[in-house]
Amino acid sequence: MQRPGFLFKVIVAVVRAVATQIVHRLLCGPLVSTWPWSVELRVVALRALFQAGSMDRKARKSAEIFIDPPLPRRLKGIMERIPAVLGDRPGEWLVRKGTDLDDVATVLYFHGGGYFGGSPGTHRYFTSTLAWETHTTLFSLDYRLAPEHRFPAALDDAYAAYLDLLAAGTDPARLFLSGDSAGGGLALALLLRLRDESKPMPAGAFVFSPYTDLAHTAESIRMNAKTDYLSIAPSLDRIPPNLLYLGDTDPHHPWASPLYGDFAGLPRLLLFAGGKEMILDDSVRVAEKAAAAGVEVTLHIEDDMMHVWPVVVPEQPAAKRALAIAAEFVARRETAE
């Protein structure tokens, strides 16, 4: 049950932030020269929403439980959502109707939300679009969240789901990991664990704005604070998401912060990062380390975009460009066979 006044508090915070930004833009111009009004006000609204919500996480979680949107209108009738369980955790398959599952690659997807929020429902618009554009069958996992379930609960769930897919006969050469933000970091952490435990590796991973450094050493956190919406900067009135998830775990543990891992032996990687996002450096440094370890890695930086822009502004050309690049990455599996 949502706490009294929570929704009102959030609405007031968002309206105030948007109104203030309208005045600021009229007087001083846009935050980013290429941003139309719709993009700038969405970033500001999200920042206010997340900051207000982070002060009452229980109310935010209870609100997210009821987020159960339909598939995008353009995909109705041609895609279906199938609730299922993998690794003893619920989730959902997103499948093109009439698809022969033996003819398409499978994506195991981990939603973002700082390890304390989000769900397959909150990300359904994006995951269904991603499955369609990449011509894949996608499973979106509802992994356990902090602070009730701290590290390594999310990783344990991801690991179990992956092994369930293999046990069901999924060919790892036709399997990809993907995720956004914390889910992107989780996908990379899963690769490190699979390698460390000598399990079959997937064909690759493509991740959007992965959260890979829970020690928060990125200079971009400070540099891009005004052009992003994340609530990860130090604050006296809230516990940052890294500590909610980590508990007493060392933030440099590579299964929590993949940046600090050894990337040797990993499959090919595709990383997306926004040039204006706070954790830009998380992706840049991972790409550099992976390349130095001999991994085939591609880093796509969209110069003027914020954190996880394909989810936040799906109508923008930059979002569609990212999906096209992801589709090409997956399609390379076909040419390699």
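The values are calculated or read from the model by the stated rules, or taken from the named source; none is laboratory data. Note that the structure is a prediction, hence the values are computed from the model and not measured. FYI the Cβ positions are ideal-geometry reconstructions off the backbone, even for glycines, and counts take in every protein chain you see.
Sort through Phe116, Phe110 and tell me the only one that's within 20 Å of Leu155 (Cβ to Cβ), touching a Lys or Arg at 6+ places or on another chain (Cβ under 8 Å) and hydrophobic (A, V, I, L, M, F, W, C).
Values: Phe110 fails: touching a Lys or Arg at 6+ places or on another chain (Cβ under 8 Å).
Checking each option against the conditions leaves just Phe116.
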- prompt: Right, Gly265: in contact with a helix residue (DSSP H, G or I) (Cβ under 7 Å, 6 or more places away or on another chain), on the phi > 0 side of the Ramachandran plot, surrounded by fewer than 17 Cβ atoms within 10 Å (Cβ to Cβ) and not polar (S, T, N, Q) or not?
  reply: yes
field: Failed criterion for Pro210 (all others in (1) buried (at least 21 other Cβ atoms within 10 Å of the Cβ); (2) part of a helix (DSSP H, G or I); (3) not acidic (Asp, Glu) hold)
entry: (2)
- prompt: Does at least one position in the range 184-194 carry a residue that is assigned by TED's automatic domain parsing to the domain that holds Leu280, under 19 Å from the mean Cα position of the chain (by Cα) and either modelled with pLDDT under 95 or hydroxyl-bearing (Ser, Thr, Tyr) (or both)?
  reply: no
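Are there any helices (runs of 4 or more DSSP H) wholly within the range 1-74 with 1 or more residues that are at pLDDT 85 or above and of a type in the set (Phe, Trp, Tyr), and if so which? Show your work before the answer.
On the way: elements: 6-28, 37-54, 57-65.
Qualifying helices (runs of 4 or more DSSP H): 37-54.
Just name the residue that is surrounded by the fewest Cβ atoms within 10 Å (Cβ to Cβ) out of those in the range 135-154 that are on the phi < 0 side of the Ramachandran plot, in contact (Cβ under 8 Å) with a residue 60 or more places away in the chain and not hydroxyl-bearing (Ser, Thr, Tyr).
Pro147
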query: Can you pull out the residues in the range 273-294 that are out of contact with any strand residue (DSSP E or B) (no Cβ under 6 Å at 6 or more places or on another chain) and farther than 19 Å from Ile221 by Cα?
result: Lys289, Ala292, Ala293, Gly294
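Matching residues to (1) outside the structural domain of Ala322 (by TED's automatic domain parsing); (2) among the aliphatic types (A, V, I, L, M); (3) modelled with pLDDT of 95 or more:
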site: Ala105; (1), (2), (3): no, yes, yes
site: Tyr109; (1), (2), (3): no, no, yes
site: Asp142; (1), (2), (3): no, no, yes
site: Pro147; (1), (2), (3): no, no, no
message: Can you tell me which of (1) free of Cβ contacts under 8 Å to residues at least 24 places away in the same chain; (2) closer than 18 Å to Ala327 by Cα is the one Lys97 doesn't meet?
response: (2)
query: Out of the residues in the range 155-164 that are surrounded by 19 or more Cβ atoms within 10 Å (Cβ to Cβ) and touching a strand residue (DSSP E or B) at 6+ places or on another chain (Cβ under 8 Å), which is nearest to Asp103 (Cα to Cα)?
result: Tyr162
